[in-house]
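What follows draws every value from the coordinates through simple rules; no lab data is involved. Everything quoted here is computed from the prediction, not taken from an experiment. Note: ideal-geometry Cβ built from the backbone for every residue, glycine included; neighbour counts use all protein chains shown.
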Amino acid sequence: MTAPSSILRWIAIAFVGLAIAAVVAFAASKLVSQRIGLSSQPLNAGKELAPPETHPSHAQKPANRSATTTTTTTTTTIPAPPSTTTLAPGTSAPSSDGSASEGQGPDD
C-alpha cells in the first residue's frame, strides 16, 4: 500500500491544478469580455469623418456648353513583312502540305 502522505500529496496537487485551471478560465473570460476596437464604438462614431451629404435639389448642375468639339483619329496599320526562315546546312524545308519528307528514315 501507499503511504498516507503520498495520497495527501496527490490530492494537494489535484487541488492546485484545479485552482490554476479556474484562474486561467476566469482571466480568459475577463479578456474576452473587454470592449476593444470598433465594437466599442457606436454605429455613428465616424459620421463626422464622412463628407457632407448632398441633396439632389441643391446639387450643382453642369454648365451647358454651346460648342461641341469632335476629334477624329485615323490609324493606318502597315502589314509586317513576311518572315524568313534560315535552315541549317544539310536540312530541307518542310513540304507545303505540312507532312514530313518521305523516304528518309526507318519509320516506314
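Quick look at the numbers
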| read-out | value |
| --- | --- |
| Chain lengthening between ILE78 and LYS30 when straightened (0.36 nm per residue, less Cα-Cα) | 9.7 nm |
| Pair THR69, TRP10: separation of 7 Å Cα→Cβ label points (nm) | 9.6 nm |
